[in-house]
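Okay, so here's the structure we're looking at.
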Amino acid sequence: MKQLTVIVFLFYSCIQTNAQDKETAIKEVTRTSYNYIDIFYKVDTTLAYQSIHKDLRKVGWWYDEKKKGYSDALEMPFDRLINLAKRWNVKGDQVTDSSPRKVELLEISDKISVTKVTAVWGIDYLNMVNTKDGWKIINIVWQSKPKFSLKN
């Protein structure tokens, strides 16, 4: 009977730990995704140092209304992200209270995750990795406001 009690206790502990790990991951991935938006919205580079991996690879395309087409791929490593964040909304004129600030959790595992962020500039897909320092964004693919979007 004693062995059965120990086995049941260990099984229950594992279930509880996994549930807590899942809840923690959801909370931290969500926070990291909102931090990404706020790096630019709030001109807060401290959020970048908390939430962005130093080996960041960010690539995206901006639609040019004058040319009626997208730019070539625009690359942005970590240091350029910091430089952009310092100046993009420094006057407070890039965002309003009604600017989009949306995070969609697409998939979260124990080590990696994918989220979709919608902001005033368009959409970003964030790939994150769970490091010893917490969840960090390591890859970003983005585009300016889409002309259309299809979902399954």
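A few notes on this one:
- The chain, Rg to Rh (Cα coordinates; Rh as Kirkwood inverse mean 1/r): 1.12
- Backbone geometry of the stretch 99-106 corresponds, through the Karplus equation with coefficients 6.51, -1.76 and 1.60 at θ = phi - 60°, to 3J(HN,Hα) couplings of 5, x, 8, 10, 10, 10, 7, 8 Hz, x marking Gly and Pro.
- Amide proton proximity set for Tyr70, modelled H, under 5 Å, gap of 5+: Asp64
- Applying both filters, DSSP loop and at most 16 other Cβ atoms within 10 Å, to the GluC sites (Glu not before Pro) of the stretch 28-125 gives Glu65.
- Accessible surface for the chain, divided over its residues, is 67 Å² per residue with a 1.4 Å probe.
- Candidates Lys136, Lys68, Lys58, ranked by Gaussian network fluctuation over the chain, Cα under 10 Å, top entry: Lys68
- Relative to the dominant Cα principal axis of the chain, helix 78-87 is inclined by about 60°.
- For the stretch 136-144, Karplus couplings with θ = phi - 60° (6.51, -1.76, 1.60), whole Hz, Gly/Pro x: 10, 6, 10, 9, 9, 10, 9, 8, 5
- Phi-based couplings in Hz for the stretch 27-41 (Karplus 6.51, -1.76, 1.60; Gly and Pro marked x): 4, 6, 5, 4, 4, 4, 5, 5, 4, 4, 4, 6, 3, 8, 4
- Whole-Å distance, taken between Cα centres, linking the stretch 16-83 and the stretch 85-152: 5 Å
- Asp72-Lys27 FRET efficiency (beta carbon distance; Förster radius 35 Å; 0.05 resolution): 0.40
- A cut-off of 5 Å between modelled amide H atoms, ignoring neighbours fewer than 5 places along the same chain, links Asn139 with Arg57, Asn127.
- Protein accessible area in the stretch 59-135, 1.4 Å probe - carbon and sulfur %: 52 percent
- Length available on full extension from Asn127 to Gln94: 0.36 nm per residue minus the Cα-Cα distance, which gives 9.4 nm.
- The chain: most fluctuating residue of Lys102, Lys67, Lys91 per GNM, C-alpha cutoff 10 Å: Lys67
The values are calculated or read from the model by the stated rules, or taken from the named source; none is laboratory data. All figures in this text were calculated on a predicted structure; none of them were measured in a lab. Every residue, glycine among them, receives a Cβ derived from its backbone with ideal geometry; neighbour counts consider all protein chains shown. For accessibility, only protein heavy atoms count, side chains too; no ligands or nucleic acids. Shrake-Rupley method; radii C 1.70, N 1.55, O 1.52, S 1.80 Å.
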